[in-house]
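Comments concern the structure below.
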Amino acid sequence: MLSDSEFEHLRNLSKLELSEGEINKFKADFNDVIAFASQVSKAQVDLTKSYFSSIKMEDLREDMPKPSLKQEEVIKNAPNKKNGCFVVPRIME
């Protein structure tokens, strides 16, 4: 169950501006997703075989340069930008 403070923290991280009704709906939806995901831990897996797959380096495609987006196109929707770069909050002192 997602607490009010946890939901508020997620909302702030994602910079979502929600009405009171939207907040209640999103909280309910998040809690439904969390409840559904928690069912995975209850799965009976002790009788299943473990499988793994390894990828050989020769099976990978060659790394080839491709055309990319122009800088203006990439940052056009950024909430904060300066001199053609993203501006993000400082996380280290």
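The values are calculated or read from the model by the stated rules, or taken from the named source; none is laboratory data. This is a predicted model, so every value here is computed, not measured. Heads up, the Cβs are rebuilt from the backbone with ideal geometry, glycines too, and the neighbour counts pull from every protein chain shown.
Would you confirm, using the coordinates I've provided, whether A43 is modelled with pLDDT under 85 and under 25 Å from the mean Cα position of the chain (by Cα)?
Judged against the criteria, A43 is a match.
Do we find that I34 is in a loop (DSSP other than H, G, I, E, B), under 28 Å from L10 (Cα atoms) and of a type in the set (V, I, T) in this structure?
no
From K66, K27, which residue is surrounded by 10 or more Cβ atoms within 10 Å (Cβ to Cβ) and either out of contact with any His (no Cβ under 9 Å at 6 or more places or on another chain) or touching a residue at least 24 places away in the same chain (Cβ under 8 Å) (or both)?
Matching residue, one of K66, K27: K27.
Go through (1) surrounded by 10 or more Cβ atoms within 10 Å (Cβ to Cβ); (2) part of a loop (DSSP other than H, G, I, E, B) and name the single condition D46 misses.
(1)
Do we have E22 as surrounded by 10 or more Cβ atoms within 10 Å (Cβ to Cβ), of a type outside the set (F, W, Y) and assigned to a helix (DSSP H, G or I) here?
In short, yes.
Suppose the filter is under 29 Å from V88 (Cβ atoms) and either loosely packed, with under 11 Cβ neighbours inside 10 Å or touching a residue at least 40 places away in the same chain (Cβ under 8 Å) (or both); does S3 pass it?
So S3 fits the description; yes.
Taking region 56-93, which residues are among the small types (G, A, S) and within 22 Å of the chain's Cα centre (by Cα)?
Once the filter is applied, which keeps residues that are among the small types (G, A, S) and within 22 Å of the chain's Cα centre (by Cα), region 56-93 yields only A78.
Would it be correct to say that F52 is among the aromatic types (F, W, Y) and either in contact (Cβ under 8 Å) with a residue 40 or more places away in the chain or in a helix (DSSP H, G or I) (or both)?
No, not satisfied.
Going through region 5-19 one residue at a time, which ones are at pLDDT below 90 and either more than 25 Å from P79 (Cα to Cα) or not in a helix (DSSP H, G or I) (or both)?
K15, L16, E17, L18
Pick from region 66-81 the residues that are of a type outside the set (D, E, K, R) and not in a loop (DSSP other than H, G, I, E, B): which of them is farthest from K15 (Cα to Cα)?
Q71
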